[in-house]
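Down below is the structure, laid out as structure tokens.
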């Protein structure tokens, strides 16, 4: 499968994942703002592996979706539409997504 197809499909998949991840984000935000006890509850949740993994996944998905979205906007302006430049921009977007996921993991777990 060409890099352009992978980048485009992954951009769509991350959009769907963000839709579902926002339920966790909105719930955690609402709970943490409801009271001091709610804040402490959410803070305690984020000391566990599962919540950290969900947060890492959400941040990683958001980062790639942002990178892919910027790539698509640039393409809508008429740039990177040729085969060679399109493949290169897709590979760069995928690589930046991996870097963003690694940085998010370092930020959350270390």
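Residue 80 fulfils the conditions (1) part of a helix (DSSP H, G or I); (2) surrounded by 17 or more Cβ atoms within 10 Å (Cβ to Cβ) except for a single criterion, (1).
Set side by side, the residues 55, 51 differ, and just one is surrounded by 14 or more Cβ atoms within 10 Å (Cβ to Cβ), modelled with pLDDT under 95 and assigned to a helix (DSSP H, G or I), which is 51.
One residue alone among 103, 94, 22, 45 is surrounded by 14 or more Cβ atoms within 10 Å (Cβ to Cβ) and under 16 Å from the mean Cα position of the chain (by Cα), and that residue is 94. Taking the conditions (1) assigned to a helix (DSSP H, G or I); (2) modelled with pLDDT of 95 or more in turn, residue 24 satisfies each one other than (2). Within the range 33-54, residues that are in contact (Cβ under 8 Å) with a residue 12 or more places away in the chain sit with their Cβ atoms under 7 Å from residues that are surrounded by 11 or more Cβ atoms within 10 Å (Cβ to Cβ) and assigned to a loop (DSSP other than H, G, I, E, B), at 6+ positions apart or across chains, in these pairs: 52/46.
Scanning the range 1-32 for residues that are farther than 24 Å from residue 92 by Cβ and in contact (Cβ under 8 Å) with a residue 40 or more places away in the chain yields one hit, 21.
The values are calculated or read from the model by the stated rules, or taken from the named source; none is laboratory data. On a predicted model such as this, the values are computed, not experimentally measured, just so you know. Counting neighbours? That spans all protein chains shown, and the Cβs are built from the backbone with ideal geometry, glycine included.
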